[in-house]
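Novice: There's a structure below that I have some questions on.
The values are calculated or read from the model by the stated rules, or taken from the named source; none is laboratory data. None of these values were measured; they are calculated from a predicted model. All Cβ positions, even for glycine, are placed from backbone atoms using ideal geometry, and neighbour counts span all protein chains on display. What goes into the accessible areas is simple: the full protein's heavy atoms, side chains included, and nothing from ligands, DNA or RNA. Shrake-Rupley method; radii C 1.70, N 1.55, O 1.52, S 1.80 Å.
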Amino acid sequence: AVDGGEAGLNAFLHVSRDEALATAEEVDAVRAAGGAEAEALHPLAGVPIAVKDLIVTVGQPTTAGSRMLEDWMSPYDATVVERIRAAKLPILGKTNLDEFAMGSSTEHSAYGVTRNPWDTDRIPGGSGGGSAAAVAAFEAPLALGTDTGGSIRQPGAVTGTVGTKPTYGSVSRYGAIAMASSLDQIGPVARTTEDAALLHELIAGHDPKDSTSLPDEVPAFGAAARTTDVSGLRIGVIKQLQGEGYQEGVLARFQESLEALRAAGAEIVEVDCPSFEHALSAYYLIMPSEASSNLARFDGVRYGARVEPEDGPLTIERVMGATRAAGFGDEVKRRIILGTYALSAGYYDAYYGSAQKVRTLIQRDFAAAFEQADVLISPTAPTVAFPLGEKLDDPLAMYLNDVATIPANLAGIPGISVPGGLASDGDGAALPVGIQFLAPAREDARVY
Ligand code: GLN
């Protein structure tokens, strides 16, 4: 164990012991009394859950991992939080993340890094490293995450847990602090696919408070997860998401997964997605562009921190400048600058416009691939958990870790990461490898 709480993992930014106990006791009392009320309890009633600190909660702070929202309390609950409260899941607290969900390692949190329970000198993935580490370390059986470019799936992969990014619009984003609104999606983090499916079922469904919410009925994901028959299932291996840049151990586990699926009766085919080559570049223009606009609300007036310049007049501009200079960390500033540039007059068509065209091409690649296959498969991340600090000063290397998860967000389709065995990167013990399954939009049940 290293210094600090929770054996030094720092998965939680806030622990709500009393509230969680009260809910648990309430569920116990209902169960003990029996009768109709006990029967009406949700199957997950009494199962504790941790919530990524990007999702707003009444009575518990929401920081988004940023000094900008230090001590800030939301006056309302996110829709997903309303739903877990209604089903009586005790909320254990709020989990650490990269500031405003920007990162792949949880090292960009203003409140310290979260450590990977498999090896505390390594990253737990990001941005949702806190939720994944809490579940992997048996601190919580369930957690909520958000996935804009992989922040549920990649932490799942490197901590040996299960994480699902639902179809865009199928889980309400109301109350998830916006990073890139056309890509963000809330989803479940768990230790088994069935647990993830049951939580997914609970949080999905139409919400009039989210203008992009789909009107669809929620399928029985739990039942889908209990179906283990893959005979006749056509599984498409994405040619572009393997090979160069992927660690040997990751590729070995991936091949074994394919063999196991083939042995279980699945048909393995190869699919070609040529535009994926440009997915990362497109994402890192669209995502910062939307974030630069979304984060404009942190102006020192409406939310959270307010810093006044040391001398000179207190104009709105100067207060805003001082607040944002002090409140945002380097990665957030980097993306706001990049996004503002990409959206500025004269550059808009060349950068943002081109990225949107790439997005369309990626959607077409997926459409063609899903003509040949029912689900697609790839490693979730090119590497196992890397050492803390390794990519911190090299943003491009950090961004490259998202290469396999980003296409799903650009196309709005669902994806899951499941544990696929262990591999060493040649420098220490074996660590979890994640396998990603992708399905067409609205076919989330298929990934289970
Ligand atoms: N790692 C990606 C990024 O830094 C994804 C983040 C996310 O999904 N929230 O943008």
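Novice: Relative contact order for the stretch 145-258: what is it in percent, counting Cα pairs under 8 Å that are at least 6 residues apart?
Specialist: Normalised by residue count, the contact order of the stretch 145-258 is 21 percent.
Novice: Okay, helix-only estimate at 222 nm for the chain: each DSSP H run of n ≥ 4 adds -39500 (n - 2.57), divide by all residues, round to 500 deg cm²/dmol; what do you get?
Specialist: -10500 deg cm²/dmol
Novice: Give, rounded to the nearest 20 debye, the magnitude of the charge dipole that the stretch 132-256 has about its Cα centre when Lys and Arg contribute +1 at Cβ and Asp and Glu contribute -1 at Cβ.
Specialist: Using Cβ point charges on Lys, Arg, Asp and Glu, the stretch 132-256 gives about 160 debye.
Novice: For the chain, set up a GNM with springs between Cα atoms under 10 Å and report which of Gly265, Gly312, Gly169 has the largest fluctuation.
Specialist: Gly312
Novice: Could you calculate the FRET efficiency of Ala263 with Ala296 from 1/(1 + (r/R0)^6), where r is the beta carbon distance between them and R0 is 41 Å, rounded to 0.05?
Specialist: 0.20
Novice: Then there's this: For the stretch 1-157, what Kirkwood radius comes out of the mean inverse Cα-Cα distance, in Å?
Specialist: Here the Kirkwood hydrodynamic radius works out to 15.7 Å.
Novice: Across the stretch 226-332, how large is the tail of the calculated P(r) beyond 21 Å, expressed as a percent of all Cα pairs?
Specialist: 63
Novice: Tell me whether the stretch 182-291 comes out rounded, prolate or oblate; compute the Cα gyration tensor, take square roots of the eigenvalues as a ≥ b ≥ c, and use a/c under 1.5 as the rounded threshold.
Specialist: Oblate, because a/c is 1.5 or more while a/b does not exceed b/c.
Novice: R0 = 25 Å: FRET efficiency of Gln372 with Ala223, Cβ-based, nearest 0.05?
Specialist: 0.40
Novice: Place a +1 charge on the Cβ of each Lys and Arg in the stretch 262-391 and a -1 charge on the Cβ of each Asp and Glu, then give the dipole magnitude about the Cα centre in debye, rounded to the nearest 20.
Specialist: Using Cβ point charges on Lys, Arg, Asp and Glu, the stretch 262-391 gives about 380 debye.
Novice: Which value results for Rg/Rh of the chain when Rg is the Cα radius of gyration and Rh the Kirkwood radius based on the inverse mean 1/r?
Specialist: Taking Rg over the Kirkwood Rh, I get 0.96.
Novice: Separate question: With charges only on Cβ, +1 for K and R and -1 for D and E, what is the dipole size of the chain about its Cα centre, in debye, rounded to 20?
Specialist: 620
Novice: Could you calculate the FRET efficiency of Val58 with Ala29 from 1/(1 + (r/R0)^6), where r is the beta carbon distance between them and R0 is 30 Å, rounded to 0.05?
Specialist: Using R0 = 30 Å, I get an efficiency of 0.85.
Novice: Can you compute the modelled spin-label distance between Asp272 and Trp72, with each label point 7 Å from Cα toward Cβ, in nm?
Specialist: Once both label points are built, they end up 4.8 nm from each other.
Novice: Another one. What full-extension length gain, to one decimal in nm, is calculated for Lys239 and Thr360 as 0.36 nm per residue of separation minus the Cα-Cα distance?
Specialist: Working it through step by step, the gained length comes to 41.6 nm.
Novice: Also, quick follow-up: Under 1.5 on a/c is rounded, so check that first for the stretch 114-240, then, if it is not, pick prolate when a/b is larger than b/c and oblate when it is not; a ≥ b ≥ c are the square roots of the alpha carbon gyration tensor eigenvalues.
Specialist: Here the stretch 114-240 falls in the oblate category.
Novice: Between the alpha-carbon centers of the stretch 147-167 and the stretch 78-133, tell me the distance in whole angstrom.
Specialist: So the separation of the two Cα centres works out to 11 Å.
Novice: Moving on to the next point. Could you work out how far the C-alpha centroid of the stretch 276-336 sits from that of the stretch 370-447, in angstrom?
Specialist: Between the Cα centre of the stretch 276-336 and that of the stretch 370-447, the gap is 29 Å.
Novice: A further question follows. Could you state how much accessible area Leu392 has, in square angstrom rounded to the nearest 10, with a 1.4 Å probe and all protein chains kept in place?
Specialist: In the full protein context, Leu392 sits at about 60 Å².
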